[in-house]
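All remarks here apply to the structure that follows.
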Amino acid sequence: MHVDHGIGRFSGLVHRSVDGVDREYLSVEYADDAQLYVPVHQADRLTRYVGADNHLPTLSRLGSNEWRTVKANVKEAVREVAEELLELYAKRLIIQGHQFSQDSPWQQELEASFPYIETDDQMRVLAEVKRDMESARPMDRLICGDVGYGKTEVALRAAFKSIMDGKQVAILVPTTVLAQQHYHTFTQRLSAFPVAVEMLSRFRSPQSSARSPEILEWGRSIS
């Protein structure tokens, strides 16, 4: 993808002589069999095309206003998104969220029952999450980590802290397998406490799912 000419197909490196000087170029094919030769010292003008799916993109036409229109539309869309984000975060700065209580004895008991030694990163993230929850400002936090690095335990402790303040918690996951895994983990870790844990997925029958709305409405629960 050329920053000025749009989407083309890279066909390889070629040598061409211009004014008696032999140089190396990147050859890029465009629509209607058009060809663009980009000097290797201008390779930073090209980037690899990354689409939303595996479909091949339509090649741009050299010399047309098509690519300028695309870039103008993208700039406008980016500007609108930026304005929406600024408005959103401005509102978040002035609204009041729920200020959760400090850790209860049950919270300490739950955390002490963790069968592993927490990593330094886990302890740091847990402290930051609790600090956010105990603040009146709504939390806006994304936790990233590789598989097996303890993200679920962080979520579980945050969920339990919320429940101790009389709130309900929903854990959303992308697959039914992960839903079953989290259901097993939460059920096992919270078995010593009066907390109702339920799971909703396409594998649950109407009979087994029918009790979930009642739990969500009347009990402290994780679903």
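The residue that is farthest from the chain's Cα centre (by Cα), counting only those in region 89-118 that are surrounded by 11 or more Cβ atoms within 10 Å (Cβ to Cβ) and modelled with pLDDT under 90, is G97.
Screening region 194-220 for residues that are exposed (fewer than 15 other Cβ atoms within 10 Å of the Cβ) and touching a helix residue (DSSP H, G or I) at 6+ places or on another chain (Cβ under 7 Å) and picking the one that is modelled with the lowest pLDDT gives F203. Residues of region 144-176 that are free of Cβ contacts under 8 Å to residues at least 60 places away in the same chain and of a type in the set (S, T, N, Q): T152, Q168, T175, T176. Residues that are of a type outside the set (G, A, S) and open to solvent by less than 90 Å² (accessible area, probe 1.4 Å) within region 79-88 comprise E80, V81, L85, L88, listed in sequence order. Among the residues that make up region 56-68, is at least one of them in a loop (DSSP other than H, G, I, E, B) and farther than 13 Å from G6 by Cα? Looking for residues that are in a loop (DSSP other than H, G, I, E, B) and farther than 13 Å from G6 by Cα, one finds at least one in region 56-68, hence yes.
Of note, F160 satisfies the criterion of being buried (at least 19 other Cβ atoms within 10 Å of the Cβ) and modelled with pLDDT of 90 or more. What about A72, is it open to solvent by less than 70 Å² (accessible area, probe 1.4 Å), assigned to a helix (DSSP H, G or I), over 22 Å from A136 (Cβ atoms) and not aromatic (F, W, Y)? When the stated conditions are applied, A72 passes them.
In the set (1) more than 30 Å from A136 (Cα to Cα); (2) open to solvent by 70 Å² or more (accessible area, probe 1.4 Å); (3) without any contact (Cβ under 8 Å) to a residue 40 or more places away in the chain, the condition left unmet by T58 is number (3). Tallying residues that are of a type in the set (S, T, Y) and open to solvent by less than 50 Å² (accessible area, probe 1.4 Å) within region 163-193 yields 2.
Within region 10-38, the residues that satisfy the criterion of being open to solvent by less than 90 Å² (accessible area, probe 1.4 Å), modelled with pLDDT under 90 and either touching a Cys at 6+ places or on another chain (Cβ under 9 Å) or part of a strand (DSSP E or B) (or both) are S17, V18, V21. Given the structure, is L126 in contact (Cβ under 8 Å) with a residue 24 or more places away in the chain, open to solvent by less than 30 Å² (accessible area, probe 1.4 Å) and farther than 27 Å from L93 by Cβ? No, not satisfied. When R124, R45, R79 are screened for being at pLDDT 90 or above, charged (D, E, K, R) and touching a His at 6+ places or on another chain (Cβ under 9 Å), only R45 passes.
The values are calculated or read from the model by the stated rules, or taken from the named source; none is laboratory data. Nothing here was measured: the structure is a model prediction, and the numbers come from that model. Backbone-built Cβ (ideal geometry, glycine too); neighbour counts: all protein chains shown. In case anyone asks, the SASA skips ligands and DNA or RNA and just uses the protein heavy atoms, side chains included. Shrake-Rupley method; radii C 1.70, N 1.55, O 1.52, S 1.80 Å.
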